[in-house]
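Inspection log for the structure reproduced underneath, given as structure tokens.
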Amino acid sequence: MLSFIVRRLLIAIPTIILISVFVFALQKLLPGDPVLAMAGEERDPATIAFLREKYRLNDPLPIQYFTWVGNALTGDLGISLRTNQPVLELIAEKLPVTIQLATMAMVFALAIGIPAGILSAIKKGTVADYVANVVALSGLSIPNFWLGIMLILLVSVKWQLLPASGYVPFDEDPLRSIQVMIMPAFVLGTALAATLMRHTRSAMLTVLTSDYVRTARAKGLSERRVILKHAFRNALTPIVTLSALLFGELIAGAVLTEQIFTVPGFGKLVVDAVFNRDYAVVQGIVLVTAVGFIAMNLLADVAYVLLNPRLRKS
Amino acid sequence: MKRGLDGGEEACSFNQSTNGLTLAQNSLSSASTPLLEVRALSLGFGPSRTELLKGVRYAVNAGQTLCIVGESGCGKSVSSLAIMGLLPKGAARITEADIRFRGEPYDLSDPAALRRHRGADIAIIFQEPMTSLNPAFRVGDQIAEAVTAHNDVSDAQARDRAIEMLRRVGIPAPEARMNEYPHQLSGGMRQRVMIAMALANDPALLIADEPTTALDVTIQSQILDLIRNLQAETGMGTIMITHDLGVVAEIADTVAVMYAGTIVEAGPVERIFNDPQHPYTIGLMSSMPKLTGPRERLATVPGTVPTTDTMPPGCRFSTRCPFARPICAETPPDHALGDGHRALCHFAPLNQRLERA
Ligand SMILES: Nc1ncnc2c1ncn2[C@@H]1O[C@H](COP(=O)(O)OP(=O)(O)O)[C@@H](O)[C@H]1O
Ligand SMILES: [Mg+2]
């Protein structure tokens, strides 16, 4: 198992190098000169020269790249061109907010999607199955912004049950923090819940016709045990893998949801940085996100192996 | 009342136990209450109005082996799965089910009752050992689970029972094998595990649905011997589904010949082999070179089995029968031919009636 993880990590290294080159190159190819933006209206040549020197923009590109990578490896992702704060600090400040949002969305999606998928698989062809599928399809097709706005209008404005926006750090007041984030998490998690429901349903349908499920029934086990132990345990593998992979996408998808509910997370940081051509921040964010994706991929692979006795031993 | 009478006679004729009359009476009385008696079982799938199984009828006695033979697709598996309550939910329409188990009514429409029987006093093993075990769990746990499903025992006791069962089915080093996963075992070993699981609760009846078909020839006879030995040890009744007439000759006490969802002929094994009365059975027997010769698959009777859509009215074999007459479009009677030998044919017994027809 350990050797598998090590091997898998070694494979991840070239991927990360490739991504870093890509991120760096993209940066250089994009139109718009950040220095000009920073130098202000006067465009004083001395200031421009000074800024170019300060951010080492006169070095040859490979040198610039290696400097950037070297710094990144030591945790120095540069300084925000706008706020002069270290990029890493900015990210470290915002990332936990988004991770909390994505985690809550994931918990919600799992808690709804998996039971609904199991149920509609067992009740295949019945009204319950039909309703679950219609709801899932709606969950997939309703745009997040519309759902978010409707929720705000209904739950916050009309019923005044939950706040429409804001953020309370988790370590300050966990209960309140969760409460404030319920609506954004719900909005972010709906599509995922629908996806998980459909995957669970199809995985369960396959497994339920298998010979070993028939064997489990032949032993005289209760239907509950047959489904939740023998069938679900085998349907679980694709579900866990999918969830790990989709968690990365949740973080990306959080950008819009955070805008709707004005959650001060990663999404807001991304949007601000892009609009302000704050290249160092954009670079840092892309890099961190990419590494996060790779980590989730690795996690998915490890989970897959852990859940498969056939792969576990070797 | 009958039992009391027999018991009394047995007690007072204890010193005459070699008395032929007493012995005959005892065997008669046990024969009159078979372990499992399927008096009539009919069912259909989907929208087709023709039933796939039509009036299936057979019986098996405790300690004996009934072999069900018939071409692939004739409904052997479906009938045994129906009896176990293991057909896919909602798939089958059971139109007729008159079944007795140990003389008691056995209700196919009562899922809870079926579940109490399953794996407890009626067990089944399947044709596909490679896929019949759950790949996610250790084989020992899968056997132990069968024990705890029907008995109020501790996990340790169930585990001990699992080890004991693995030893009984001839798996070496059972303590170590317990902890292995199905993929670590060969097909033969997996079928042994299936047998261990099926017999863990000492069932009165074992249904073995072509248990060796998927295995290597060398392993096949080992598994059959194992089942036979375990049957001798435990005195369970066995329904062996097979299309290997060599196997039938070797292990059957009674035989039921199935054709297109009906039992066309049934009886003691010698009668079926030496004096077959249904044209289909005769075709099967002539397609088999010798009792002791190489084992042959069935299906050498010319023609193809009708499907539920092409099923002829009356006798289902009439489309392939060399003796078919117009009367065969009517439902054939179930002729009793003595000694429990029956044939579902207008002309049975053939030698007497065919000449007249
Ligand atoms: N769930 C099902 N739905 C519809 N038809 C089925 C189903 N299961 C079995 N059958 C049909 O029943 C027939 C008998 O199958 P089976 O009992 O497996 O034959 P065999 O005698 O080889 O064991 C086959 O033609 C098969 O297509
Ligand atoms: Mg079969």
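You will find that of B:67, B:74, the residue that is within 9 Å of ligand 1 (Cβ to nearest atom) and hydrophobic (A, V, I, L, M, F, W, C) is B:74 and no other.
Yes/no per residue for (1) open to solvent by less than 60 Å² (accessible area, probe 1.4 Å); (2) touching a residue at least 40 places away in the same chain (Cβ under 8 Å); (3) not in a loop (DSSP other than H, G, I, E, B):
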| site | (1), (2), (3) |
| --- | --- |
| A:14 | no, no, yes |
| A:21 | no, yes, yes |
| A:25 | yes, no, yes |
| A:46 | no, no, yes |
| A:52 | no, no, yes |
| A:59 | yes, no, no |
| A:65 | yes, yes, yes |
| A:68 | yes, yes, yes |
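Output the residues belonging to the range A:296-314 that are within 14 Å of another protein chain (Cβ to nearest Cβ), open to solvent by less than 40 Å² (accessible area, probe 1.4 Å) and in contact (Cβ under 8 Å) with a residue 12 or more places away in the chain. Of everything in the range A:296-314, those that are within 14 Å of another protein chain (Cβ to nearest Cβ), open to solvent by less than 40 Å² (accessible area, probe 1.4 Å) and in contact (Cβ under 8 Å) with a residue 12 or more places away in the chain turn out to be A:303, A:305, A:307, A:308. Annotation: residue A:153 fulfils all but one of (1) assigned to a helix (DSSP H, G or I); (2) without any contact (Cβ under 8 Å) to a residue 24 or more places away in the chain; (3) under 27 Å from residue A:114 (Cα atoms); the unmet one is (3). Within the range B:168-185, residues that are within 20 Å of residue B:225 (Cα to Cα) and more than 14 Å from chain A (Cβ to nearest Cβ) sit with their Cβ atoms under 7 Å from residues that are of a type outside the set (A, V, I, L, M) and surrounded by fewer than 20 Cβ atoms within 10 Å (Cβ to Cβ), at 6+ positions apart or across chains, in these pairs: B:174/B:167.
Looking at the range A:215-314, the helices (runs of 4 or more DSSP H) lying wholly inside it that each contain 1 or more residues that are within 22 Å of the chain's Cα centre (by Cα) and more than 24 Å from residue A:2 (Cα to Cα) sit at A:232-260, A:266-275, A:279-307. Restricting attention to the range A:93-126 and to residues that are among the hydrophobic types (A, V, I, L, M, F, W, C) and within 14 Å of chain B (Cβ to nearest Cβ), the residue that is least open to solvent (accessible area, probe 1.4 Å) turns out to be A:121.
Of the residues making up the range A:277-295, those that are open to solvent by 40 Å² or more (accessible area, probe 1.4 Å) and modelled with pLDDT of 85 or more are A:286, A:288, A:291, A:293, A:295.
The set of residues from the range B:95-130 being open to solvent by 70 Å² or more (accessible area, probe 1.4 Å), facing chain A (nearest Cβ under 9 Å) and touching a residue at least 60 places away in the same chain (Cβ under 8 Å) comprises just one member, B:130.
Go through (1) in contact (Cβ under 8 Å) with a residue 40 or more places away in the chain; (2) within 13 Å of another protein chain (Cβ to nearest Cβ) one by one and return the number of the condition residue B:188 breaks. Of the numbered conditions (1) in contact (Cβ under 8 Å) with a residue 40 or more places away in the chain; (2) within 13 Å of another protein chain (Cβ to nearest Cβ), the odd one out for residue B:188 is (2).
One line per residue, one yes/no per condition, for (1) in contact with a helix residue (DSSP H, G or I) (Cβ under 7 Å, 6 or more places away or on another chain); (2) in contact (Cβ under 8 Å) with a residue 40 or more places away in the chain; (3) surrounded by 20 or more Cβ atoms within 10 Å (Cβ to Cβ); (4) more than 18 Å from residue A:111 (Cβ to Cβ):
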{"site": "A:206", "(1), (2), (3), (4)": "no, no, no, yes"}
{"site": "A:230", "(1), (2), (3), (4)": "yes, no, yes, yes"}
{"site": "A:236", "(1), (2), (3), (4)": "yes, yes, no, no"}
{"site": "A:240", "(1), (2), (3), (4)": "yes, yes, no, no"}
{"site": "A:247", "(1), (2), (3), (4)": "yes, yes, yes, no"}
{"site": "A:251", "(1), (2), (3), (4)": "yes, yes, yes, yes"}
{"site": "A:254", "(1), (2), (3), (4)": "yes, yes, yes, yes"}
{"site": "A:266", "(1), (2), (3), (4)": "yes, yes, yes, yes"}
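Residues that are within 24 Å of residue A:185 (Cβ to Cβ) and within 14 Å of chain B (Cβ to nearest Cβ): does the range A:239-251 have at least one? Yes: the range A:239-251 contains one or more residues that are within 24 Å of residue A:185 (Cβ to Cβ) and within 14 Å of chain B (Cβ to nearest Cβ).
The values are calculated or read from the model by the stated rules, or taken from the named source; none is laboratory data. The structure displayed is predicted, hence computed values, not measured ones. Note that each Cβ is placed from the backbone with ideal geometry, even for glycine, and that neighbours are counted across all protein chains shown. Quick note on the areas: whole protein, heavy atoms, side chains included, nothing else; ligands and nucleic acids left out. Shrake-Rupley method; radii C 1.70, N 1.55, O 1.52, S 1.80 Å.
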